[in-house]
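Encoded as structure tokens, the structure appears first; notes follow it.
The values are calculated or read from the model by the stated rules, or taken from the named source; none is laboratory data. In this text, all values refer to a predicted model and were calculated from it rather than measured experimentally. Virtual Cβ from ideal backbone geometry, glycine too; neighbours counted across all protein chains shown. These accessible areas exclude ligands, DNA and RNA; they are computed on the full protein's heavy atoms, side chains included. Shrake-Rupley method; radii C 1.70, N 1.55, O 1.52, S 1.80 Å.
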Amino acid sequence: MAVLCDLSRTVRLLLGQIQRCGQSGSAIKQYQKSVRCMSLAEPKLQPTVDDNEAVNPTFVNRNPRNLEQMALAVKDRGWRTTWPSQKFYHRLVFSRSQHYVTAEVFANGDAVPVLSCSTKEWALKRELGSTRCVAASQAVGEVLAQRCHQAGITRMVYRHIPWQYRSDAVQSFRTAMKEGGVTLSEPRQKFIGN
């Protein structure tokens, strides 16, 4: 019973205070403003960007390999009478001499090879019994395919010399390149209209 009396007494005191504040409406409005200010969410801070971390909104990719892989880069056509044709991004040249087997990858218009592999290299030469046999051609193909993947070249043109194409050495070289994941043809160039 005593608890009930205490409770009713506190309620009466609160009601009395509310009535007194009701007479002075400015106090209630001030109280409501302060409560609203406390209940509003804190504004989010914008991150600051240093000059070193700023990113240009217009980004131009100047990596020619992207355009080559999408078949959008320009292929130099060259003259129609030249053989082999100049219409490629990368060209594979396989040659056998009396003593060595060599394979080179040339970029379009360059006289210096981008990648090369030969049985003249000591690491390859010491593993082979002969530097000109069919096994040597296959080993050169496997090593060159691995180097092409490391360089990011997965497609290239290989135009064989017709009278050498049917030899076992050339066939084993081609199969080693294909098994290494290199495609020996390039996609046709795509032309985007304006």
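In the stretch 173-184, the residues that are over 13 Å from residue 94 (Cα atoms) reach residues that are open to solvent by 40 Å² or more (accessible area, probe 1.4 Å) and in a loop (DSSP other than H, G, I, E, B) with C-beta atoms within less than 7 angstrom, at least six apart or across chains, in these pairs: 181/154; 182/154; 183/154. Whenever a residue of the stretch 104-128 is open to solvent by 50 Å² or more (accessible area, probe 1.4 Å), its partners that are hydrophobic (A, V, I, L, M, F, W, C) and part of a loop (DSSP other than H, G, I, E, B), lying with C-beta atoms within less than 8 angstrom and at least six residues away or across chains, give the pairs 114/153.
Whether any residue in the stretch 105-112 is touching a helix residue (DSSP H, G or I) at 6+ places or on another chain (Cβ under 8 Å) and farther than 25 Å from residue 68 by Cα is what I want to check. Walk me through how you get there before you give the answer.
Narrowing the stretch 105-112 to residues touching a helix residue (DSSP H, G or I) at 6+ places or on another chain (Cβ under 8 Å): 105.
Filter once more, keeping what is farther than 25 Å from residue 68 by Cα: none.
Taking every residue of the stretch 105-112 in turn, none turns out to be touching a helix residue (DSSP H, G or I) at 6+ places or on another chain (Cβ under 8 Å) and farther than 25 Å from residue 68 by Cα.
The residue pairs whose first member lies in the stretch 153-168 and is farther than 21 Å from residue 115 by Cβ and at pLDDT 85 or above, whose second member is surrounded by 14 or more Cβ atoms within 10 Å (Cβ to Cβ) and among the hydrophobic types (A, V, I, L, M, F, W, C), and whose beta carbons are closer than 9 Å, counting only pairs six or more residues apart or on different chains, are 168/134. Within the stretch 89-103, the residues that satisfy the criterion of being crowded, with 19+ Cβ neighbours inside 10 Å and closer than 14 Å to residue 141 by Cβ are 92, 94, 96, 101, 103.
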